[in-house]
Amino acid sequence: MQVNAAQAAQPSALSSNQQDLGSKDIFLKILVAQMQNQDPLKPQDAAQMSTQLAQFNMVEQQISTNTLLKEMLAGSQGQKSDMASAASLIGHQVAAQSGQFSFDGTTTQQFTIDAAQDAASSTMEVIDSSGKVVNTLNSGRLLSGKNSMTWNGATSTGGTAGPGEYTLKITASDINGQSVATTTQITGQVKAVRLTPEGTFAEIGNTPVSMANIAKIY
């Protein structure tokens, strides 16, 4: 008994992945239907059955290969797009969400502190790459929203910090002494872009910042 593929499954508007899976399902349904409806007195030839099973295996492998190639192509196109966007920032001043920054030993650093609500008091710690606190400053009251801060490189001993990588840590509390959430943005010039397994990064000074954290372009 012959089974028509159109009887096994009705066509519909499907995605490419769904179409691939549908093709495999149709092939399997036809094969099963042929086995169920074969003449008991004239069973299907074993060699022919083996050929059909081999064809089914080839279809399944091809579907898997096509899916993998589509995923690789989509990933490659996404990386190229991110790299092009990042490259367009080279030479521009940007603000990026990050507590890490590069200090050249002379240039005053500018920060934007975004407070979730008004803070009655706050402190700003500057920490070097070894984890040592080089200065703790009383940054005073913060208003809900964006607040500007600067650090001129001064250390707690009255000297000037050397060039290197630093981290800014803000601790803020409201009038009742409860902690106030804050986020920090650094401002600087994009000098280079870098493509890594973790994504595309713009280098602000020597500090790599994810493209997703770029908040403003000047």
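No lab work stands behind these numbers, since they all come straight from the coordinates. Since we're looking at a predicted model, the values are computed, not measured. FYI the Cβ positions are ideal-geometry reconstructions off the backbone, even for glycines, and counts take in every protein chain you see.
Computed quantities for the displayed model
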item: Charge dipole (debye, nearest 20) of region 83-178; +1 at Cβ of Lys and Arg, -1 at Cβ of Asp and Glu; result: 60
item: Taking region 93-217 and dividing mean pair separation by its residue count, relative contact order in percent (alpha carbons under 8 Å, at least six apart); result: 38
item: In nm, spacing of pseudo-spin labels at Thr123 and Lys169 (7 Å Cα→C-beta vector); result: 1.0
item: Proxy reagent accessibility, fewest Cβ within 10 Å first, across Phe101, Phe201; result: Phe201, Phe101
item: Label zone at Thr196 (point 7 Å along Cα-to-Cβ), backbone N below 18 Å, region 159-179; result: 164-168
item: Extension gain (nm, one decimal) between Met211 and Gln93, 0.36 nm per residue minus Cα-Cα; result: 41.1 nm
item: For Asp128, Asp104, order by how many other beta-carbon atoms lie within 10 Å, fewest first; result: Asp104, Asp128
item: Whole-angstrom gap from region 199-218 to region 145-174, using each part's C-alpha centre; result: 20
